[in-house]
Amino acid sequence: MESATQPGLVGAIRIDLVRLHETWMELVFPRQLDAGRSVIGKWKPQTGPQRAAYSVWSALGVPLVALAYPLLLLGFATRFYAKRLDSAGARLGLVGVVLLSVVVWGALTAFARYQFSTNGFLAVLAASLVATLSAALAVVFSRVGGRGTSVLFAYPSVMTALFLPPVVAALYSPTLSEIVFPGSQTVAIWLLDNVLAIGGLDQFLRERFTLEGFAYVLMWFGVAVPLGWLLGIVVALADIVRPRRR
């Protein structure tokens, strides 16, 4: 039997869906989200035009809520791991995060020094420096400016710090290239066939660019930024629908 304070899986999903829909309604109408905490209560339409607009907006929100719910689940999962990364960053501090990045990507750079050509070594070194800078910026942006700054800058910085050095190293390592490049091609094809298939953008990219060499680095940088924005947005949505317990 479920605890009185635990609604169970079906109950939790129902609560999430209701709050998602209330968040949608809040975009246009006042006092829709968390109206129970207000003395005034939930706003209700009074006139005929208000009731019609309210009903139409509410109906439009139903399919959008259904589509947004998987993103909400992604937000819950991302928030779970982001919270742990943030806690680790808080314990390490800015200097600790920089030192950790230097150790991790420094080891990759040292490997490149003895295994790659001079150009390969310099490319990995540059990527490691950018990744370290990105990791430092991620810590700074996560602590200043609020949620908007985290979404716009912190999450993309984290993605860049994670993606850039391995992709650059794969340009000069046959072992890494066998892992990174086939997966990159799969991701590129999926993006072209789905995300970028609007307005012929996929055809434009196919005709003018070939996915080889440094294009892999540009591709993953192009993926890291919007992916960071997406993760930041779904975490923000998760915070609205199911606020973190203090």
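Read-outs throughout are calculated quantities, based only on the coordinates presented, and are distinct from any laboratory measurement. Since we're looking at a predicted model, the values are computed, not measured. Because the Cβ atoms are built from the backbone with ideal geometry, glycine has one as well, and the counts that use them run over all protein chains shown.
Computed values, structure above
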{"quantity": "Loop sites in region 146-239: trypsin sites (Lys or Arg not before Pro), DSSP, at most 13 other Cβ within 10 Å", "calculated": "none"}
{"quantity": "Using alpha-carbon coordinates, inclination of helix 8-26 to the longest axis of the chain, degrees", "calculated": "80"}
{"quantity": "Alpha-carbon centroids, region 187-246 and region 88-158: separation in whole Å", "calculated": "21"}
{"quantity": "Crossing angle, helix 48-115 versus the chain [Cα axis fit, 0-90 degrees, rounded to tens]", "calculated": "30"}
{"quantity": "Degrees separating the helix 118-143 axis from the principal Cα axis of the chain, which is the longest one", "calculated": "30"}
{"quantity": "Sorted by Cβ neighbour density within 10 Å, fewest at the top, the residues ILE13, ILE198, ILE240", "calculated": "ILE198, ILE13, ILE240"}
{"quantity": "Size of charge dipole - the chain - debye, nearest 20, with Cβ of Lys, Arg +1 and Asp, Glu -1, no other charges", "calculated": "1060"}
